[in-house]
Amino acid sequence: QKEVEQNSGPLSVPEGAIASLNCTYSDRGSQSFFWYRQYSGKSPELIMFIYSNGDKEDGRFTAQLNKASQYVSLLIRDSQPSDSATYLCAAQDDKIIFGKGTRLHILP
Amino acid sequence: GAVVSQHPSWVICKSGTSVKIECRSLDFQATTMFWYRQFPKQSLMLMATSNEGSKATYEQGVEKDKFLINHASLTLSTLTVTSAHPEDSSFYICSARLGLAGGKYFGPGTRLTVT
């Protein structure tokens with residue numbers, strides 16, 4: 001069964017620090033990987049997607065992909081209280097499989 | 001980014017009745033839309049993949065006669081929960097994929113409460 005694993009958290013990070021979120025996936029056939037942010041009671045919002053090994057940066061966010069290790073991460077620099085949310089990792093082959101999410105709490 | 005809307009945003013219905021939820025892609029055409037269900041503190045669970053002009057593909061364990069999906073146009077998919085029961089109470093979210101390999105954009109979700 002294809003799975004995406006995430007630590008449920010909560011992960012507490014001081015404001016201004018770097019938050020590091022990790023994710024592993026079981027399906028080696030996965031080609032695309034996504035990070036979503038979901039505030040409580042709201043629908044997920046796409047933050048970033050990555051296809052190739054290495055780093056992809058967009059503003060304060062950096063996604064990292066290591067296909068050999070089947071590992072995806074999301075770094076959030078200069079963390080803000082508004083970044084407090086649940087972050088969902090997803091991997092796509094023919095379907096998109098979501099992890100259960102990591103709750104991130106930015107401490108003011 | 002791409003915009004996906006859902007209507008209604010919340011609905012309360014009595015057990016045994018049917019509820020229709022609409023999902024629209026506002027600024028792009030989506031040949032494929034997806035319907036998810038999310039219970040409290042759980043991740044998204046894919047219910048079905050809705051393809052424009054053809055029958056939806058349901059995930060294992062999802063009753064296709066209970067959750068009717070219609071994708072009549074490139075911008076609209078509907079989910080009808082028939083003969084709703086309290087255990088159907090959940091947060092229903094649709095999404096549409098931008099292009100063949102793009103990320104999914106989610107609608108704001110519909111919170112269904114069956115009394």
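The values are calculated or read from the model by the stated rules, or taken from the named source; none is laboratory data. These figures come from a predicted structure and were not determined experimentally. Cβ atoms come from the backbone with ideal geometry, glycine included; neighbour counts cover every protein chain shown. These area figures cover heavy atoms from the full protein model, side chains too; ligands, DNA and RNA do not enter into them. Shrake-Rupley method; radii C 1.70, N 1.55, O 1.52, S 1.80 Å.
Strands (runs of 3 or more DSSP E) fully within the stretch B:55-107 that include at least 3 residues being surrounded by fewer than 20 Cβ atoms within 10 Å (Cβ to Cβ) and away from chain A (no Cβ under 11 Å): B:67-73, B:76-81.
Is it the case, given these coordinates, that A:Gly59 is at pLDDT 95 or above and at positive phi? Criteria met by A:Gly59.
Regarding B:Ala84, is this residue among the small types (Gly, Ala, Ser) and at pLDDT below 95?
Values: among the small types (Gly, Ala, Ser): yes; at pLDDT below 95: no.
No: the conditions fail for B:Ala84.
Summed over the stretch A:1-16, the residues that are open to solvent by 30 Å² or more (accessible area, probe 1.4 Å) and among the hydrophobic types (A, V, I, L, M, F, W, C) give a count of 1. For the stretch B:24-52, the set of residues classified as under 15 Å from the mean Cα position of the chain (by Cα), assigned to a loop (DSSP other than H, G, I, E, B) and more than 10 Å from chain A (Cβ to nearest Cβ) consists of B:Ala30, B:Thr31, B:Phe39, B:Glu52, listed by residue number.
When B:Val3 is tested against (1) of a type outside the set (Ser, Thr, Tyr); (2) open to solvent by less than 40 Å² (accessible area, probe 1.4 Å); (3) within 15 Å of B:Lys104 (Cα to Cα), exactly one condition is not met: (2).
Kindly establish whether A:Gln64 is free of Cβ contacts under 8 Å to residues at least 40 places away in the same chain, touching a Leu at 6+ places or on another chain (Cβ under 9 Å) and more than 29 Å from B:Ser5 (Cβ to Cβ). In short, yes.
Can you tell me which residue among A:Arg37, A:Arg28 is of a type outside the set (Val, Ile, Thr) and open to solvent by 50 Å² or more (accessible area, probe 1.4 Å)?
Values: A:Arg37 fails: open to solvent by 50 Å² or more (accessible area, probe 1.4 Å).
The unique qualifying residue is A:Arg28.
Give the number of residues within the stretch A:90-108 that are closer than 20 Å to A:Pro10 by Cβ, part of a strand (DSSP E or B) and open to solvent by 20 Å² or more (accessible area, probe 1.4 Å). Final tally of qualifying residues: 4. Which condition number does A:Pro81 fail, the rest of (1) farther than 17 Å from A:Arg103 by Cα; (2) away from chain B (no Cβ under 14 Å); (3) in contact with a strand residue (DSSP E or B) (Cβ under 6 Å, 6 or more places away or on another chain) being met? That leaves (1) as the condition not met. Of the residues that make up the stretch A:70-78, is at least one closer than 23 Å to B:Pro40 by Cα, open to solvent by 10 Å² or more (accessible area, probe 1.4 Å) and more than 14 Å from the chain's Cα centre (by Cα)? There is no residue in the stretch A:70-78 that is closer than 23 Å to B:Pro40 by Cα, open to solvent by 10 Å² or more (accessible area, probe 1.4 Å) and more than 14 Å from the chain's Cα centre (by Cα).
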